[in-house]
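The values are calculated or read from the model by the stated rules, or taken from the named source; none is laboratory data. None of the values given here were measured: they were computed from a predicted structure. Here Cβ is always computed from backbone atoms with ideal geometry, including for glycine, and neighbour counts include all displayed protein chains. Areas reflect the complete protein model, heavy atoms only, side chains present, ligands, DNA and RNA absent. Shrake-Rupley method; radii C 1.70, N 1.55, O 1.52, S 1.80 Å.
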Amino acid sequence: MEDKFIRIISPVSLPVILLFDAAVGYYMYIAVIKIMADKGAFATIFLVLQSFAVIIAILATREVLRHGVMITDKYVEFTALDSDNKVRFDEIDRIEIVKDTKASLKKNFVNRYSSLVFYLNDDTVLTVELGITTKRKLTQIETEINKRIKNNTN
């Protein structure tokens, strides 16, 4: 089986990051127009600050787009985690998905996080929180991991 990368983008963070990118682009356009019209200190400082904002926007967008689940033949890797982010398929007994979909006005975002619960062969349980995801994306990840577990045990 070929390696597969399933991108996990929160439905909340995608519009926010796109709005941030659009605002930075618009203000950069204003800064360039300002520097062409008036080469004063204010226009120069505005352009320099906008240059930093463009760099931050690019890095923030890249970071949001890099989060996901990399599924290879031997292991599953969670790219949003810093350490202990790989789980080998021969260590996994079974997997379970957890997502709270019940309506409530008292729950905050943390209560809405999606989780993957790995039951390992050595009777330990590993829980990986993926953040706010769609049910469809979570089911896609579970299906792909279960396929790889079955192929690895055969």
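Taking A57 as the residue in question, decide whether it is within 21 Å of the chain's Cα centre (by Cα) and open to solvent by less than 70 Å² (accessible area, probe 1.4 Å).
Numbers: within 21 Å of the chain's Cα centre (by Cα): yes; open to solvent by less than 70 Å² (accessible area, probe 1.4 Å): yes.
Yes: the conditions hold for A57.
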- For region 87-109, how many residues meet the condition of being basic (K, R), farther than 24 Å from R136 by Cβ and modelled with pLDDT under 85? 1
- Out of the residues in region 116-140 that are open to solvent by less than 60 Å² (accessible area, probe 1.4 Å) and in contact (Cβ under 8 Å) with a residue 60 or more places away in the chain, state the one that is nearest to D90 (Cα to Cα). L130
- Item | Of all residues in region 1-23 being over 15 Å from T133 (Cβ atoms) and in a loop (DSSP other than H, G, I, E, B), the one that is most open to solvent (accessible area, probe 1.4 Å) | E2
- Meets criteria (open to solvent by less than 50 Å² (accessible area, probe 1.4 Å) and closer than 21 Å to T79 by Cβ) for V64: yes
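State yes or no: is R62 modelled with pLDDT of 85 or more and among the basic types (K, R)? Walk me through how you get there before you give the answer.
Numbers: modelled with pLDDT of 85 or more: yes; among the basic types (K, R): yes.
So R62 fits the description; yes.
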- Count, please, the residues in region 31-54 that happen to be among the aliphatic types (A, V, I, L, M) and open to solvent by less than 50 Å² (accessible area, probe 1.4 Å). 6
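Among the residues of region 24-58, which ones are basic (K, R) and either in a helix (DSSP H, G or I) or touching a Ser or Thr at 6+ places or on another chain (Cβ under 7 Å) (or both)? Can you show your working first?
First, pick out the residues of region 24-58 that are basic (K, R): 34, 39.
Across region 24-58, the qualifying residue is only K34.
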